[in-house]
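In what follows, a single structure is set out as structure tokens and then discussed.
Derivation of every value follows stated rules applied to the coordinates shown; laboratory data play no part. This one's a predicted model, so the numbers in the text were calculated from it and none came from an experiment. Here the Cβ positions follow ideal geometry from the backbone for every residue, glycine too, while neighbour counts run over all protein chains shown.
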Amino acid sequence: MADSSTFKIGIVKFDDRNRYGTDGVPATILFGGGQRYIVRSKHDGKRNQWAKVRVDEAAAAAGGAREAELVELLGPCGDHPTELLAFQLHFGVRPCRYPARDAWALSPADAVPDRTDARDVYCFSVDNASTRDVDDALSLSEPDADGARTLGIHIADVASRVPETSPLYAWALARGASAYNSGG
């Protein structure tokens, strides 16, 4: 490949019957504006696959398509973890890697004034099973002597436990945002 190559994420269409030479496979690049790509690959797949490819923007292939080289197969289309990885790579979103727990330097839970520690209360969350940020939940108390119940609405107060001098605080500040996707 020439110096004009860049990495892109796309779908390599192994199940397309159109082949270009002995090792040319049609591909669609994410947000590629309809530009056709031919990926050079000896791999013979039976399903469309998400892939990382090296695109040579200057080289033209058959029928006005651009040429690309397979770098890595990520997995099948329709597989949620694979599609999440493909979009993370495309948009440059790094997967979450928390600092080691022993370096968090949290303030003790009982040292925070005007807060109730509800870790011993049976709560439930409406987040999906794959969430890593269970930060709000509900609870319902047993009936008291009059039959009344208390509905608890619990919201995590992370800022009260993570001091600005904590390595966890520095990590969160550098990260700057959370990325959420639907599905899963």
Rounded to the nearest whole number, the per residue volume of the convex hull around the C-alpha atoms of the range 73-154 in Å³ is 175 Å³
Calculate the spin-label point distance for ALA118 paired with ASP133, positioning each point 7 Å from the Cα along the beta-carbon direction, and give it in nanometres. 1.9 nm
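How much length would be gained if the chain were fully extended between LEU30 and GLU164, taking 0.36 nm per residue of separation minus their Cα-Cα distance, in nm to one decimal?
Details: separation 134, 0.36 × 134 = 48.24 nm, distance 3.92 nm.
The LEU30-GLU164 span can extend by a further 44.3 nm.
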What are the residues whose amide H is under 5 Å from the amide H of LEU30, where those residues sit 5 or more places off or on another chain and H is modelled from the backbone? ILE9, GLY10, ILE11
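List the chymotrypsin sites (Phe, Trp or Tyr not before Pro) within the range 75-184 that DSSP assigns to loop and that have no more than 13 neighbouring Cβ atoms inside 10 Å. Spell out each step's value before the answer.
Values: sites: PHE87, PHE91, TRP104, TYR122, PHE124, TYR169, TRP171, TYR180; in loops: TRP104, TYR122, TYR180.
Answer in residue order: TYR122, TYR180.
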Two-site label geometry, ARG149 and ALA174: point separation in nm, points 7 Å out along Cα→Cβ: 4.6 nm
